[in-house]
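Visitor: Dumping the structure here so I can ask a few things about it.
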Amino acid sequence: MARRSKTRTPGTEPPEDFEERILDIDVVDEMQGSYLEYAYSVIYSRALPDARDGMKPVHRRILYQMHEMGLRPDRSYVKCARVVGEVMGKLHPHGDSAIYDALVRMAQGFSMRLPLVDGHGNFGSLGNDDPPAAMRYTECRSSPAAGLMVESIDEETVDFESNYDGSEEEPVTLPAAYPNLLVNGASGIAVGMATNMPPHNLTEVIAAARHLIKHPGADLETLMGFVPGPDLPTGGKIVGREGIQDAYASGRGTFKIRATVAIEQVTARRKGLVVTELPFAIGPERVISKVKDLVNAKKLQGIADVKDLTDREHGLRLVIEIKNGFNPEAVLAQLYKLTPMEESFGINNVALVDGQPLTLGLRELLEVYVDHRFDVVRRRSEFRRTKRRDRLHLVEGLLVALIDIDEVISVIRSSENAAEAKAALISRFGLSEIQTQYILDTPLRRLTKFDRLELESERDRLKAEIEELTRILDSDSELRKIVSSELAAVAKKYGTPRRTELLDSAEAPIATVPLEVSDDPCRVLLSSTGLLARTANGEMSFEEPAKRVKHDVIVSAVPATTRGEVGAVTSSGRLLRLTVVDLPQLPETATSPNLAGGAQVAEFLPLEADETLVCLMTLDESSPGLAIGTEQGIVKRVVPDYPSHKEELEVITLKDGDRIAGAVELRTGEEDLIFITDEAQLLRYQAGQVRPQGRPAGGMAGIKLTEGAKVIFFGAVDPSVEAAVFTAASATGTLDDSLSTAKFTPFDQYPRKGRATGGVRCQRFLKGEDRLVIAWAGPTPAHAATKTGAPAELPEPDPRRDGSGLPLGKRVTAVAGPV
């Protein structure tokens, strides 16, 4: 209870007629009443949209004020600060930040399915990862969709009310030429209630509204045939429709939104998950942050790196690189489960209907909007009919005057003043005061014969328009046709295809696969152009197609397992370990040894500047070991001893200036070793003539070389299989256009000789030729390729061991036998 103090300051006594009145009010009642007033103010004036135009007061005031400022789509942009100032000063008695935030959201294409503001500048990014610039920097104007919202607002289509101080008028609702509440959705938190409505596709919503106009008794199932579910601005996938059905029936429901992801080869070594669409209101930074936190906490496995490659040209592109050895499908399932790449959206369709907050289903939302459009079109028609009737009244009066214009002029001239002339005309011609005043105000230049024809044409047109408007107002079916046709025109002009995919099942459309790749048999391949790859299985039965396409020949192939390791022998005598799972996998449908899907050796091995990869091996310590031949004629069989804890091993100690010319892993130990020199000498002897040595050893004499000669090929051939020898000579000793002749000879034409001897001649040089540039010996059938990997034809077999070569159509740089 309030009490007044009995002591008063001198000079502050109340006047004599003052009557003191003290009210006793219960605090509970006062608090309850005040809080209810506050709650209603928040609900009605701030947080909840009107079901007719889908607008909260701040959005409605922004659009109306931009309309009043003339900021149409065909006008230039103005600073957002100017719009915010006008709205705040005239209509919205709240802070500028609240107004600007609302304006920004209406300009964001990732927040609104049909943006209402055309923004120029930084208006933020998805998920608010990059906040919008200050309003003093950004510019705006109305979008075409905003024009539809305020269309015909000057034709008394909606009611107006006074603003907060009574100095201005503002619309209670907007005419809304399309169902904005469903198309753009809404969200807001009031006192004791909240709203959260997803955006929908304009074409689908209008189709449902038109069906409801034609069939007022349509049930929900029929309407959902037109509107199957939300259509979010950011796309994505909606998983399961049960929650959507509940929301459309009762106004409340929940559904899941899933990111759109594709599995791609993002680098030469790794596959990745490429995210092009995220759930509504989720930004890439939030996903990246969550993924990193889970990886650091060891709750998420298989992620190598996350990159945000989003730009204005290509849109959202979030690349999640997958570690080798992990199944991308299984990692994606983890991401859906643990990160915002799959989010729930709770629908709560609360909107104001006649000032009262109600929870509305799809049918109710459409009914409220359709009834609003009926009222708008009816009021617009009445306004237009009244305007045309008023104009017809003036035109008819002017035509009466034109019929006897001379007498009209005479009456006016004979009158003492305008009032007397007006009364005389009314009396003489039976005109109304409005018609008479219009005649008196009309200039004489309008009273010509041509103007009379124009007025008669205008009279006929006005009568036809009045008749048409009357027909619309008197017929409910005509009114429905007009509303339906106007909605159809909006859908045709502004409709866009659906962005969000709807999935029926609530289960993840991903097969249950193990997280890590299984340790299946495979083969590792090395091509002539330096590409590495692995097969999908351990079988290698490529068939040569009738017409060969561009491909590399396989110069080395070894069996392995997916999670195992193989060895890589380099030209400098190093043995490097190569993890098989790191290699790209060739498709199982390959019909030829095509390594177009492989990756360069440098992606996997740390090679020196002048170092090359010579061959692959299995690291099997039960094998006969590795055979090596150097350019200086050294041969070595390496004892199979490859410690698993060492990533790099030395398999031969080379002399200064020497390099490995070739290496091959022996399978039986019964193979023949072959040396071919650039002087066209071929030496063949059994591998048993070379005793195995430890890895640091330098080897022993393999072939006797003349001064200046070097070995250009070293290999091993199983004498039990059909094999051949290929050699090619050049006048310059290099692989250039001067390549002249090549020779293809059966391997059995070359006899065995002793180790460290000079061998036999394998090709006779023609005039101008002095060196072999390419040589190869191995099992047939053989394939040849050029430097770029294109197929090349081999010459016809020549049974002469030391015969001369034949010209080649293409320069051959590599030859290999069957894989």
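Since every read-out is calculated from the coordinates, none of them should be taken as a lab result. No experiment lies behind these values; they were computed from the predicted model shown. Glycine also receives a Cβ, built like all others from the backbone with ideal geometry; neighbour counts cover every protein chain displayed.
Visitor: A 21 angstrom limit on the alpha carbon distance is what I want to check against. Which of Lys271/Lys787; Lys299/Lys323; Lys655/Lys787; Lys299/Lys646; Lys256/Lys307; Lys387/Lys481 exceed it?
Guide: Lys271/Lys787; Lys655/Lys787; Lys299/Lys646; Lys256/Lys307; Lys387/Lys481
Visitor: Next up: In the calculated pair distance distribution of the range 521-816, what percentage of Cα-Cα distances lie above 36 Å?
Guide: Values: 5068 of 43660 pairs.
Across the range 521-816, Cα pairs with separations above 36 Å total 12 percent.
Visitor: Net charge within 14 Å of Lys299 by Cβ-Cβ distance, Lys/Arg positive one each and Asp/Glu negative one each, not counting Lys299 itself? It would help to have the intermediate numbers written out before the result.
Guide: Numbers: positive: Lys290, Lys292, Lys298, Lys337; negative: Asp293.
Cβ neighbours under 14 Å give a net charge of +3.
Visitor: Give me the Å³ per residue figure for the convex hull around the C-alpha atoms of the range 55-175.
Guide: Details: hull volume 11.5 nm³, N = 121.
Cα-based convex hull of the range 55-175, divided per residue, equals 95 Å³.
Visitor: Span-like helices, the chain: DSSP H, alpha-carbon axial extent 20 Å or more, mean Kyte-Doolittle 1.6 or greater, which ones? Walk me through the numbers before you get to the answer.
Guide: Details: long enough: 27-42 (22 Å, 0.01); 362-403 (61 Å, -0.37); 449-474 (38 Å, -1.01); 476-494 (27 Å, -0.24).
Helices meeting the span and hydropathy rule in the chain: none at all.
Visitor: Output the relative contact order of the range 521-816, whole-number percent, from Cα pairs under 8 angstrom with separation of 6+ residues.
Guide: Details: 785 pairs, mean separation 50.1, N = 296.
In percent, rounded to a whole number, it is 17.
Visitor: Where does the charge balance sit around Gly567 when Lys and Arg score +1, Asp and Glu -1, over other residues with C-beta under 9 Å from its C-beta? Numbers along the way, then the final one.
Guide: Values: positive: Arg577; negative: Glu565, Glu665.
Result for the neighbourhood of Gly567: -1.
Visitor: How much net charge surrounds Thr727 when only other residues with a Cβ under 13 Å from its Cβ are counted (Lys, Arg +1; Asp, Glu -1)? Numbers along the way, then the final one.
Guide: Values: positive: Lys743, Arg761, Arg764, Arg771, Arg800, Arg801; negative: Asp678, Glu679, Glu769, Asp798, Asp802.
In short, +1.
Visitor: Okay, next question. Could you give the dipole magnitude of the chain about its Cα centre, charging the beta-carbon of Lys and Arg +1 and that of Asp and Glu -1, in debye to the nearest 20?
Guide: Working: 99 positive and 120 negative charges, 561 e Å.
It comes to approximately 2700 debye.
Visitor: Please give the Cα centre distance for the range 91-162 versus the range 204-257, rounded to the nearest Å.
Guide: The distance from the Cα centre of the range 91-162 to that of the range 204-257 comes to 26 Å.
Visitor: Only one of the listed values, [x] -0.36, -0.73, -0.96, -1.54; [y] -0.55, -0.77, -0.86, -1.06; [z] -0.27, -0.54, -0.72, -1.19, was derived from the coordinates as log10 I(q)/I(0) by the Debye sum over Cα atoms at q = 0.05, 0.07, 0.08, 0.10 Å⁻¹; which label is it?
Guide: This structure yields the entry labelled [y].
Visitor: Something else about it: Just how large is the dipole of the range 276-428 about the Cα centre, in debye to the nearest 20, putting +1 at every Lys and Arg Cβ and -1 at every Asp and Glu Cβ?
Guide: Using only the charged Cβ atoms, the result is roughly 180 debye.
Visitor: Can I ask one more? With unit charges on the beta carbons (Lys and Arg positive, Asp and Glu negative) and the dipole taken about the Cα centre of the chain, which residue among Tyr77, Ala98, Leu619 sits farthest to the positive side?
Guide: Most positive-ward Cα: Leu619.
Visitor: Ok, one more. Going by Cα centres, the range 387-443 and the range 800-819 are how many Å apart?
Guide: If you average the Cα positions of each part, the centres end up 112 Å apart.
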